[in-house]
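The values are calculated or read from the model by the stated rules, or taken from the named source; none is laboratory data. This structure is a prediction, so every number in the text was calculated from the model and none was measured. Heads up, the Cβs are rebuilt from the backbone with ideal geometry, glycines too, and the neighbour counts pull from every protein chain shown. Ligands, DNA and RNA are excluded from the accessible area calculation, which covers all protein heavy atoms including side chains. Shrake-Rupley method; radii C 1.70, N 1.55, O 1.52, S 1.80 Å.
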Amino acid sequence: MTIEKPWLEGKLDSLLKEAEELSNLHEGVYYEVGAWAPLKLIVLLLYLDVYTKIIPKQIPKHFDSMVYVDLLAGSGINRIRDTGHRIIGSPLIAATASHRPFTKLFFVEGIPERSKALEDRLKTVIDKNRFEVYHENCNAAVDKIVEAHLKKRRSHHLAFIDCQGLDVDWATMEKILKYPGDLIFTFQTALIVRTRDYPDRLNKFYGDDSWKTAKSGDDFLRCYEDKLREYRDIVINIRIKEKRRGGFYYHLIFATRKTKGGNPWLQAVDLIKNRIENHTGDAVKYAFDVLSGDATKLDWFVSGGDEQDNLQRSLFDF
Ligand SMILES: C[S@@+](CC[C@H](N)C(=O)[O-])C[C@H]1O[C@@H](n2cnc3c(N)ncnc32)[C@H](O)[C@@H]1O
């Protein structure tokens, strides 16, 4: 199986053409992000490429459906704070950039103005009966998602949980992690150290006080990864960090179960991890280029340079 650059570029191209129109719907309702945000969306896009090729092959033998869960979904469009550029967000990427369509997509957004904009924007790209937007706190909405789908079907899910801070309680995570699925989680490594003065919030985020001995952001991260390992054998992170000392940084955590097939998509994660961690500055720039209109820059993430070509040949040709 090979990552399909032309396919992805084609998808992005049409998505980006729609972005302008989608931005005008509910004009002004965006989620403001820093220049570092597009990178996680590119990772989601690349992961979707692999995930939505592999999981459908396991239907109907192992699963009967493939669902997407986005607990902190935003408004569908993000605006880059410093430049004013508008880029598409995770819900629109998941709704459109999959090889086989998800059986159902579930989105949660707690700010009504954003959730309404998201719903209307989604309606312009996919059929209304293929998705659900919950206009409420995700720690409450999770029960509805479990009830509506996860509990009833033999489904495999991809959960994208894009935290700004300590938004999602561990109890919520467990409700999802109980069911088969993969996770991409934004962990705010630099910010979390500053939340030490809110032990009650941290206790909810971790489900206990296991964070108490953590001193650095990386300690907090390791502690969270240990919690995830209670449910998933494989937990990997990608560090996204500004070069300057004390600069902003966060981690994307991937979590999945070991499979008999040797987890082919993990090789995709390794490839992307390698590329991003070794060239974060370039990665940030190219992610922005891709999501603001230049789909050809996607190439940089999956090829470029002999080292990368070799890696890609060995990792993606499975
Ligand atoms: C980082 S943004 C999501 C951006 C989105 N993933 C994208 O790519 O466009 C996080 C969103 O989660 C929402 N949010 C924060 N805490 C929440 C909660 N507990 N329940 C529901 N939504 C929440 C915020 O209003 C914000 O729009």
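Pulled fully out, how much extra length does the chain show between ARG81 and ASP143, if you take 0.36 nm times their separation in residues and subtract their Cα-Cα distance? If you can, show how the numbers build up before the last one.
Details: separation 62, 0.36 × 62 = 22.32 nm, distance 3.38 nm.
Additional length available on full extension: 18.9 nm.
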- line: Here FRET efficiency (C-beta to C-beta, GLU136 to ASN278, R₀ 41 Å, nearest 0.05) is 0.50
query: Count the lysine pairs in region 1-106 that are 8 or more places apart or on different chains: how many have C-alpha atoms under 27 angstrom apart?
result: 19
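In terms of the Cα gyration tensor, with a ≥ b ≥ c the square roots of its eigenvalues, is region 108-168 rounded because a/c is under 1.5, prolate because a/b exceeds b/c, or oblate?
Because a/c hits 1.5 or more and a/b fails to exceed b/c, region 108-168 counts as oblate.
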- prompt: Residue by residue, what Karplus-based ³J(HN,Hα) values in Hz, rounded to whole numbers, does region 110-126 have, using 6.51, -1.76 and 1.60 with θ = phi - 60° and x for Gly and Pro?
  reply: x, 8, x, 4, 6, 5, 5, 4, 4, 4, 5, 5, 4, 4, 7, 10, 9
Within region 22-41: backbone nitrogen closer than 16 Å to the LYS123 label point (7 Å, Cα to C-beta): 22-27
field: Contour excess over end-to-end distance, with Cα ends at TYR198 and GLU18 and 0.36 nm allotted per residue
entry: 60.6 nm
statement: Under a Gaussian network model of the chain whose springs join Cα atoms within less than 10 Å, the largest fluctuation of PRO199, PRO101, PRO91 belongs to PRO199
- request: Show the residues, 5+ positions off or on another chain, whose built amide H is closer than 5 Å to the amide H of CYS163.
  value: THR186
task: Just grab the label-to-label distance for ASP226 and ARG257, each label 7 Å out from Cα along the Cβ direction, in nm (one decimal).
output: 2.5
Helix-derived mean residue ellipticity, 222 nm - over the chain, DSSP H n ≥ 4, -39500 (n - 2.57), to 500: -13500 deg cm²/dmol
- prompt: Using Cα pairs under 8 angstrom and six or more residues apart, how large is the relative contact order of region 5-316, in percent?
  reply: 18
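With the convex hull built on the Cα atoms of the chain, state its orientation-averaged projected area in nm². Intermediate values should be presented prior to the final figure.
Working: hull surface 61.5 nm².
It is 15.4 nm².
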- prompt: If you count the DSSP beta bridges with both ends in the chain, what percent of them are antiparallel, to the nearest 5?
  reply: 40
query: So who's got an amide H within less than 5 Å of the one on HIS157, skipping anything under 5 residues away but keeping other chains? H placed 1.01 Å off N, in plane.
result: VAL67, GLY181, ASP182
Protection proxy ranking of 45-52, 147-154, 168-175 - average other beta-carbon atoms within 10 Å, highest first: 45-52, 168-175, 147-154
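Which order, highest average first, do 272-280, 18-26 follow once you tally other Cβ atoms within 10 Å for each residue and take the mean per peptide? Intermediate values should be presented prior to the final figure.
On the way: 272-280: 18.4, 18-26: 16.6.
Going by the mean number of other Cβ atoms within 10 Å, highest first, we get 272-280, 18-26.
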task: Heavy atoms only, probe 1.4 Å: what % of the accessible area of region 80-167 goes to carbon and sulfur, would you let me know?
output: 46
task: Would you mind getting the accessible area per residue of region 5-316, heavy atoms of the protein chains only, 1.4 Å probe, in Å²?
output: 42
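Could you grab the Rg to Rh ratio for region 64-135? Cα atoms only, Kirkwood for Rh.
Working: Rg = 12.2 Å, Rh = 12.4 Å.
So for region 64-135, dividing Rg by the Kirkwood Rh gives 0.98.
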